[in-house]
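Student: To start, I am sharing the structure in question, which I have written as structure tokens.
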Amino acid sequence: MAASPSSPLVLLECLVAGTSHREGLRAYEPRLTLGQPLALQREADSAYDDWAVRVLTTGKDAFWLGYLPEGRNETIARLLDAGYALTARLTHKAWEDEWLHLEIEVLLEQ
């Protein structure tokens with residue numbers, strides 16, 4: 001089924017990497033809601049990943065959730081570097097022991 005012209009194009013579905021390293025995430029997690037918009041921020045100066053892209057909540061007090069997974073982030077990083085306004089939305093969240101499993105969709109508005 002084709003997307004309607006007003007619906008965003010889903011470019012990537014993935015887990016958010018590094019959530020176990022985000023201080024304060026356990027306390028913040030109840031504020032995360034399915035379908036909520038998320039922001040993507042390029043981290044071109046990362047010492048660990050040339051294509052690093054942060055995943056954050058939106059708004060004045062944005063909370064850094066983690067990263068797009070290494071190995072799946074290059075195309076998104078290149079689009080961000082080229083000036084495309086990409087966003088994301090939360091599609092799933094669940095605790096697995098001490099790890100917060102977050103799934104997102106990366107979106108391009110049409």
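Student: Kindly list, by first and then second residue, each pair from a residue in segment 43-61 that is of a type in the set (Lys, Arg) to a residue that is not in a loop (DSSP other than H, G, I, E, B), limited to pairs with Cβ atoms under 9 Å and residues at least 6 apart or on different chains.
Tutor: Once the first residue is of a type in the set (Lys, Arg) and sits in segment 43-61, its partners that are not in a loop (DSSP other than H, G, I, E, B) give ARG54/ALA39; ARG54/LEU40; ARG54/GLN41; ARG54/ARG42; ARG54/TRP64; ARG54/LEU65; ARG54/GLY66; ARG54/TYR67.
Student: A further question on this structure: Of all the residues that make up segment 54-85, how many are open to solvent by 10 Å² or more (accessible area, probe 1.4 Å) and touching a helix residue (DSSP H, G or I) at 6+ places or on another chain (Cβ under 8 Å)?
Tutor: 1
Student: Write out, first by first residue and then by second, each pair whose Cβ atoms fall under 9 Å of each other, whose residues are 6+ apart or on separate chains, and whose first residue, in segment 93-108, is without any contact (Cβ under 8 Å) to a residue 40 or more places away in the chain and more than 26 Å from LEU79 (Cα to Cα) while the second is surrounded by 18 or more Cβ atoms within 10 Å (Cβ to Cβ) and of a type outside the set (D, E, K, R).
Tutor: ALA94/LEU100; ALA94/LEU102
The values are calculated or read from the model by the stated rules, or taken from the named source; none is laboratory data. Note that this is a predicted model, so its numbers are computed, not measured. A quick note on method: Cβ atoms are made from the backbone with ideal geometry, for glycine too, and the neighbour counts reach across all protein chains shown. The protein model used for the area step is the full one, side chains on, heavy atoms only, and it has no ligands, DNA or RNA in it. Shrake-Rupley method; radii C 1.70, N 1.55, O 1.52, S 1.80 Å.
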